[in-house]
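I have placed the structure first, in the form of structure tokens, so that the comments after it can refer back to it.
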Amino acid sequence: MGRTAGVAAASETGLWAEHHHHDAMSTRTLGFWLYMLSDAMIFAGLFASYAVLSHHYNAAGGPTIRDIVHPFYAYAETLMILTSVLAYGWVMVALKAGNRNGVLIGLALAFALGAVFVGLEAHEFSGLLHQGIDAERSGYLSAFYALVMTHGIHMVFGLLWIATMFAQVASQGFTDKTVYRLLNLKMFWHFQAVIWVLVFTFVYMRGVL
Amino acid sequence: MIRNRIGLRARRAALLLPVMLLTGCSSHKLANQFVLFRPSGPLSGADLHFTILDVGVMLGIIIPTAIITIYFLLHYRKTNTTAAYDPHWSHSNVIELIVWAIPLLTVMMLGYYSYKGTAAVDPYNPGLLKAASKQPVLDVDVVTTDWQWLFIYPKQHIATANQLVIPVGTVVHFHMTSATVVNDFYIPRLAGMIDIMPGMRTKQVLMADKIGHYQGLSANFSGAGFSWMRFKTEVVSASQFNDWTKEVARSPLHMNYAQFNVFARPTKNVQGKTFEYSQVSDRLFHQVIKGVMMGRVYTTPLPPPGAA
Amino acid sequence: MVHVQGPWSPLLGRLSMGAIPDNPIITGAFIFAAIFGVLALAYVTYARKWVYLWREWLTTVDHKKIGVMYILIGLVMLFRGFIDALMMRTQQLLGDGLHSAGYLGATHGYLVPYHFDQVYSAHGTIMILFAATPILVGIMNIIVPLQIGARDMAFPYLNALGLWLTTVGAALIMLSLFLGDFSHAGWIGLTPLTELAYSPGVGTDYWMWSIQIASVGTTLGAANLIATIIKMRAPGMTWSRLPIFTWTALSTNIIALTSFPVLAVALGLLGADRYFGTHFFTAGMGGNLMLYSNLFWIWGHPEVYFVILPAFGMMSEIIPTFSEKALFGYITMVAASFAIAGVSWAVWLHHFFTMGAGPDVNTFFSIATMMVGIPTGVKVFNWAFTIYRGRSRFDTPMMWALGALFMLLLGGLTGMMLAMPPINYSVHNSVFVVAHFHTMLMVVVYGILGAVSYWFPKVFGFKLNERLGKRFFWYFTAGTVLVFIPMYASGFMGMTRRLDYLSNPHLFPFEVAEELGIGLYLVSVYYFVAQLFVSVRDRNKYPVGADAWGTGRTLEWITPSPVPFYNFAVTPRTHARDELVWRREQGLEHVSVKHYEDILMPKNTAVPLIIGALTLALGFGLVWRIWWLTDLSFAAIIVTVILRSFVKDTDYTVGGKEVAGIEKGLQARMKGAQASGLPSGGVGGLRPQESNS
């Protein structure tokens, strides 16, 4: 015994699958989910490192989270990124309706709000640097900067991607390629917002409470 | 055929091996070199005990498996037309049960022994030395540099470089740190290894059963001078130890933190030199750790241009 | 930026004339490489193959060609890693004992410590990440789409990109030989030894960036393979009919996808320390050097399962084929693969039991480590029961698979020893550990060599010479035994690893034995090269048909040999596990396609190659801290990616008539093989003759 159950009947025409097509759209979105899984592991490593380097001796007698965090400032950043994601939701609604202008407006809005987020974060860091609170001061500060800046760098690449999609949709309209990229960008943008919520909770909020 | 000749030469060379094993040294001396089989302390003794246990259990599985596999290969070879052939037979619940059960039971047994053994030889608090802990204890602080060993005896206010002397039958508490990079404190016949890390303090508790000379080394690569980073270990009687500490206390060389920083410059101890120091502060160990925690490094110089 | 020792200029960074090594060994290596390179370029020019090379290989997105290039890179790096091993063995032989002589400026032996340290660091890095990994990725690349009835991977462009990124990593390591130096801190790169203070040169940067760049390629490739297996299976190929090698490819790439990012974090944070002066892993200022060990080994242990699971898959394909019997316990084999992959995440601390985590933590990881042995043991038994009541033949692939099985027994025994902390404390970092993991890696190497000889006829259309292949096997095995058995023994003599000078003269007989072993390896290399040469020379004499070994079981043996670029003229429908066996038993083996349709294939593209070249510039700039170069190449990469995304037309259609023509030609070639009575398919049970001995 050992013959696999469910063996099909023997017939010559059953040997070949003609007119067989692959679902390219779902393949591409699956591929992007897989990429995001690997990206999530990068953040997992950074969060773990942050946790390990959050003991009091990791501050080497220097500034701790309480000296860095301005909760309302971080709250403003949070508002920016979440509304940017909301704007991108607009893009998806317009896409479903086949509304090219709607998509372009949504992309522009998402870009603007995301850019404000990045600007706020850059301003926050330049303020810290002026005070001499830099990553070389201690292991703790190194971990803080690494975690928050990695998210920030992802945001910058996301903005670049949004701008590229704007140009692509404007010039090529809705093709297979542009549509799957808009879907993937949606997931990427949401993903960055989720990571930000975790950063806000485990870095900024924990520093205040 | 040329190819056959090469094969023949290889076979001849292989036959020479046992002969080569005997040249230059008597086989008795060679057997002595298997230091892991000649423990001189309860911790190393336990390590050997578990080695034999583990190997025994595993051989009990692996040898029958190998024999069965070889038998199957030979008996069921294609040219043996008398052997049964059952091309679709590929499943058997009974066999699955057995082949999962055997490793599972083995792991359960070995896991239990692992649990017991790990607690018994734990460097910080070995279960095997619990009974002996009521006796007086010797404290030794160990500092590794690039690429030397410094042994500080804080209570006796002496220190030695690249040489360790301890009394027999006494529980010794080692507190260890590195000034530079990670090393491993290892005296093969006395105890297992423990990491030595900069800016941190690790511990090893051990006891030596027999008087003699032993070899200590670092078992974690630390740089260009690593191969020479060894230290002689002398286990002596208690009275000899006392005499020795008094003698070292008369040494003209002293060691304070400033002198330590000179000692800690990158040095390959190619000649195996040892030194003895007197008037050593019992705070020296803490000063070294503190310094490293504050960012002190003993930089390795860049190799000269053109050096590979 | 952080201050570094040595010169730095804005134009050239740390690069200066002093970067060129002044060492006769390296000069010799350079001359050898230069001659080889010039000869290769001259040959290509003379044969007017540049256009062919560009069109067919450098710009291809065909998974089979990409796989072949991966394997070629892996083989070249394997040879380089072998030379490193030869140098290490010789140094330890010549540098044994206080009175051993010193040559070429060394106190003992012929390599100064700093040079020896680079040799073993390069050996480890190359063998794991630039020999084993590319060859495994290459084999999976070629075989998985064929086994599931697909035309290509899910993302062909990404596939090519992964290849060129891996090549760039390898190129950086090779470059480190002639410009600057390599890391002296081992392939692991423990901190704080790899911090700037204790590794002030560019060597550690070369090591770091070559691995980072290649790891991006591996991670992308993992996503590619997983998406392919999930989404691109032909009709009828349900999960329970998936070939076992594809199952192991799936489990192994799930490991890769999730673990390589952790390595990226470990190396990235170390890079931050070395470039920005941060304190992640420094001993002072609040750094935690133990964090690096943890992050590295959280990647490092799943990584070794990443290399061994495909080897298990290869053995699971070869053994049934050459026993003419179905794999025993298919479902438990799949379950065991995923159990191994899952548990591999919970064992990383066993690489540093001696760090002093305490008996409770150590015991947990010890038991978890031993638990991985359970599914592994099940696999061994299942292979044995596959052979039981089969009809075993001992062709070269089978010899390699069986050799791998016995290596696994020895490696597993020593692994269970190392899993126990009391034992581990006395042999940690000794050559006993080195012998153990080399034995385990031999399972991988044997699996690879078996897979290469097994699937070579499928890819190239002719078999490798059997007689020379067997010689290669026996000399390789003899070398393995002679190098590593004495190493287990010297581990019990207290010999630590990574020593360039051995103070114990009693190690001499073992060193001699190991040197002889390396000599036997060298002889085996001769037979490997001879086998390739003779097989290629005689390739037209002994072509093979679709089912090259006569007893193939899975879908890849349905395609012609060599496989046409579109793989299957019409996508096949699957009816059972071991589809070809099912077709053979139904008498449907030789039914050919009636109607050929148009096929959509991806176009070739030079963009992955261009991105690779730009990444090489980026890596080089990062190593030497030439900031204008890094900024420029990084920007150029981004621009290239964006520009490529605007290209609309990335596919082309192959007409049905053209497909029919190609198929006819291939069938005619294979009929020639059938006419000469050589195995080209045929009913299972017919004994294939030795075709070219």
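Bear in mind these aren't lab numbers, they're just calculated from the coordinates by the rules spelled out. Worth saying up front: this structure is predicted, and the values here are computed from it rather than measured. As a convention, Cβ positions derive from the backbone with ideal geometry for all residues, glycine included, and neighbour counts pool all protein chains shown.
Listed by chain and number, the lysines whose alpha-carbon sits under 22 Å from that of residue B:210, ignoring those within fewer than 8 places in the same chain, are B:29, B:130, B:134, B:232.
Other protein chain C-beta atoms within 10 Å of residue C-beta, averaged over C:256-265: 5. Between residue B:57 and residue C:481, the modelled labels are 3.0 nm apart [label points 7 Å from Cα along Cα→Cβ].
According to the square roots a ≥ b ≥ c of the eigenvalues of the Cα gyration tensor, what is the shape class of region C:471-628, taking rounded for a/c under 1.5, prolate for a/b larger than b/c otherwise, and oblate for the remainder? Spell out each step's value before the answer.
Values: a/c = 2.82, a/b = 1.54, b/c = 1.83.
Taking the square roots of the gyration eigenvalues as a ≥ b ≥ c, region C:471-628 is oblate.
Run the Debye formula on the Cα coordinates of chain C, all scatterers equal and no solvent, and tell me log10 I(q)/I(0) at q = 0.06, 0.07, 0.11 1/Å. Here the Debye-derived log intensity ratios amount to -0.35, -0.48, -1.23.
Does the protein assembly as shown classify as rounded, prolate or oblate by the C-alpha gyration tensor (a ≥ b ≥ c root eigenvalues; a/c under 1.5 gives rounded; else a/b over b/c gives prolate, otherwise oblate)? Since a/c reaches 1.5 but b/c is at least a/b, the shape of the protein assembly as shown is classed as oblate. Could you work out how far the C-alpha centroid of region C:52-80 sits from that of region C:434-457, in angstrom? About 20 Å separates the Cα centre of region C:52-80 from the one of region C:434-457.
Enter the mean number of other protein chain beta carbons within 10 Å of the beta carbon of each residue in B:34-42, as an integer. So the per-residue partner count for this stretch is 3.
Counting other Cβ atoms within 10 Å of each Cβ, which trypsin sites (Lys or Arg not before Pro) in region C:14-72 have at most 13 and sit in a DSSP loop?
Numbers: sites: C:14, C:48, C:49, C:55, C:64, C:65; in loops: C:14, C:48, C:49.
Those that pass, being in a loop and sparsely packed, are C:48, C:49.
Annotation: for a label point projected 7 angstrom from Cα along Cα→Cβ of residue C:539, residues of region C:34-48 with backbone N closer than 19 Å are C:40-41, C:43-48.
Over chain A, what is the relative contact order in whole percent, taking alpha-carbon pairs under 8 Å and six or more residues apart? Intermediate results must be reported in sequence, preceding the final value.
On the way: 167 pairs, mean separation 62.8, N = 209.
With pairs under 8 Å counted, the relative contact order is 30 percent.
Return the FRET efficiency for the residue pair residue A:99, residue B:240: r is the Cβ-Cβ distance, R0 is 56 Å, and the value is rounded to the nearest 0.05.
On the way: r = 94 Å, r/R0 = 1.68.
Calculated value: 0.05.
What does the structure give for B:100-113 when I average, per residue, the other chain Cβ atoms found within 10 Å of the residue Cβ?
Numbers: counts 9, 1, 4, 11, 5, 1, 5, 10, 3, 1, 8, 9, 2, 3.
Mean partner-chain Cβ count within 10 Å for B:100-113: 5.
Under the criterion of Cα pairs below 8 Å and six or more residues apart, the relative contact order for region B:130-293 equals 29 percent.
Under the combined filter of DSSP loop state and at most 16 neighbouring Cβ atoms within 10 Å, region C:509-577 retains these trypsin sites (Lys or Arg not before Pro): C:539, C:541.
With neighbours defined as other Cβ atoms within 10 Å of a residue's Cβ, the residues A:47, B:151, C:79 order from fewest to most as C:79, A:47, B:151.
Relative contact order of chain C: 17 percent, from C-alpha pairs under 8 Å at least 6 residues apart in sequence.
With runs of 4+ DSSP H residues as the only contributors, calculate the mean residue ellipticity of the protein assembly as shown at 222 nm using -39,500 (n - 2.57) per run, divided by the residue total and rounded to the nearest 500. Write out the running numbers ahead of the final one.
Values: 33 runs with 696 residues, N = 1210.
Taken over the protein assembly as shown, the calculation gives -20000 deg cm²/dmol.
Taking the number of Cβ atoms within 10 Å of each Cβ as an exposure proxy, the fewest-first ranking of C:466, C:324, A:18, C:195 is A:18, C:466, C:324, C:195. Nearest 10 degrees is fine. How inclined is helix B:238-248 to the longest principal axis of chain B, computing both from alpha carbons? Roughly 50 degrees, rounded to the nearest 10. Helix C:203-231: angle to the longest alpha-carbon principal axis of chain C, degrees 0 to 90, nearest 10? With rounding to tens, the tilt is 30 degrees.
Kindly rank A:152-160, C:648-656, A:167-175 from highest to lowest mean number of other beta carbons found within 10 Å of each residue. Present the calculation step by step, with values, prior to reporting the outcome.
Details: A:152-160: 17.1, C:648-656: 11.7, A:167-175: 14.2.
Highest mean packing first, the order is A:152-160, A:167-175, C:648-656.
Evaluated at q = 0.21 Å⁻¹, the base-10 log of the normalised Debye intensity for region C:215-338, with identical point scatterers placed on the Cα atoms, takes the values -1.14.
Give me B:98, C:558, B:68 ranked fewest to most by other Cβ atoms within 10 Å of their Cβ, as a rough exposure proxy.
Working: B:98 11, C:558 20, B:68 15.
So the residues, fewest neighbours to most, are B:98, B:68, C:558.
Computing FRET efficiency as 1/(1 + (r/R0)^6) for residue A:209 and residue A:163, where r is the C-beta to C-beta distance and R0 is 41 Å, gives about 0.65.
Test of the criteria: in region C:202-243, which trypsin sites (Lys or Arg not before Pro) are in a DSSP loop and have at most 10 other Cβ atoms within 10 angstrom of their Cβ? Could you put the intermediate results ahead of the total?
Details: sites: C:231, C:233, C:241; in loops: C:233.
The qualifying sites: there are none.
Counting only DSSP beta bridges with both residues in the protein assembly as shown, what percent are antiparallel, rounded to the nearest 5? The partial results should precede the final answer.
On the way: 37 of 55 bridges.
Bridges in the protein assembly as shown that DSSP calls antiparallel: roughly 65 percent.
Helix A:176-199 and the long axis of chain A differ in direction by around 30°, with both axes built from C-alpha atoms. For residue B:112 paired with residue C:38, estimate the spin-label separation in nm (one decimal), with each label point 7 Å from Cα along the Cα-to-Cβ line. Going by the 7 Å Cα→Cβ label model, 7.1 nm.
Cβ-Cβ distance of residue B:256 and residue B:173, R₀ of 22 Å, FRET efficiency by 1/(1 + (r/R0)^6): the value works out to about 0.40.
For a straight C-alpha distance cut-off of 17 angstrom, the lysines reachable from residue A:186 (same-chain residues fewer than eight places away being disregarded) are A:96, A:177. Let me make sure I get this right: for region B:130-293, a, b and c are the square roots of the gyration tensor eigenvalues over alpha carbons, sorted descending. Under 1.5 in a/c it's rounded, otherwise prolate if a/b > b/c, else oblate. Which is it? Judged from the Cα gyration tensor, region B:130-293 comes out rounded (a/c under 1.5).
Label zone (residue B:37, point 7 Å along Cα-to-C-beta; backbone nitrogen cut-off 15 Å) within region C:474-502: C:486-495.
When Lys and Arg each count +1 and Asp and Glu each count -1, what net charge do the other residues less than 15 Å away from residue B:223, Cβ to Cβ, add up to?
On the way: positive: B:230, B:265, B:268, C:497, C:498; negative: B:146, B:184, C:117, C:181, C:195, C:500.
Here the count lands on -1.
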